[in-house]
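A.B. asks: The structure is given below, and queries will be raised subsequently.
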Amino acid sequence: MSEKKWYALYVRSRTEKKVAKELEAEGIEFYLPLERVLRQWSDRKKWVEEPLFRSYIFVKADHTDYYKALYVPNAVKYVSFEGEAVEVPPQQIEAIKYYLNEKDPVSGDEAELKEGQRVEIIAGKMTGLQGVLVQVKNKKRVRVEIEVVNSSVFLYIPRNKLRVIG
């Protein structure tokens, strides 16, 4: 049996939750990152859960599930490069989960970091992920941009979990 890998599945606009239900019914492992957003209508405001990445859902599939997921209603295609579906590294999935569940950081050190530097996460579940330092928030936290599926995720990371790589 082949190893399961993460892929980004492009779906029709505003059908992410429907596709997630269909994948669940098929027994296919998936991840649909949702964030709470305050929406305003003419008569009211309401907190709703919306996809973090519009029109995308992450599918963890082996050879069989890979094709089954494509036949789910409203699934369009996998994100691909030169005709090959692009595998999403598990660290990027963990980075998204971390971003959505972010709590107060642990204390960091006083290392000199500058905006625009390439950095690598050296501790925790996201070890090995690389990104660009976009903001020095305070003495303990910095904001890092990490590329995920043609989008960027911005994470606040404790300084002591980063090292400069370029």
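Residue-wise test of (1) more than 12 Å from the chain's Cα centre (by Cα); (2) of a type in the set (A, V, I, L, M, F, W, C).
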| position | (1), (2) |
| --- | --- |
| Leu32 | no, yes |
| Glu50 | yes, no |
| Tyr71 | yes, no |
| Lys77 | yes, no |
| Gln91 | no, no |
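A.B. asks: Among the residues of the stretch 67-84, which ones are at pLDDT 95 or above and in contact with a Phe, Trp or Tyr (Cβ under 9 Å, 6 or more places away or on another chain)?
C.D. replies: The answer is Ala69, Leu70, Ala75, Val76, Lys77, Tyr78.
A.B. asks: Which residues, counting only those in the stretch 127-166, are within 20 Å of Leu32 (Cα to Cα) and crowded, with 16+ Cβ neighbours inside 10 Å?
C.D. replies: Ile146, Val148, Val149, Val153, Leu155
Conditions tested, residue by residue: (1) among the β-branched types (Val, Ile, Thr); (2) surrounded by 12 or more Cβ atoms within 10 Å (Cβ to Cβ).
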site	(1), (2)
Lys4	no, yes
Ala25	no, no
Pro33	no, yes
Gln40	no, no
Val59	yes, yes
Asp62	no, yes
Val79	yes, yes
Val88	yes, yes
Ile93	yes, yes
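The values are calculated or read from the model by the stated rules, or taken from the named source; none is laboratory data. These numbers come from a predicted model, not from an experiment. Because the Cβ atoms are built from the backbone with ideal geometry, glycine has one as well, and the counts that use them run over all protein chains shown.
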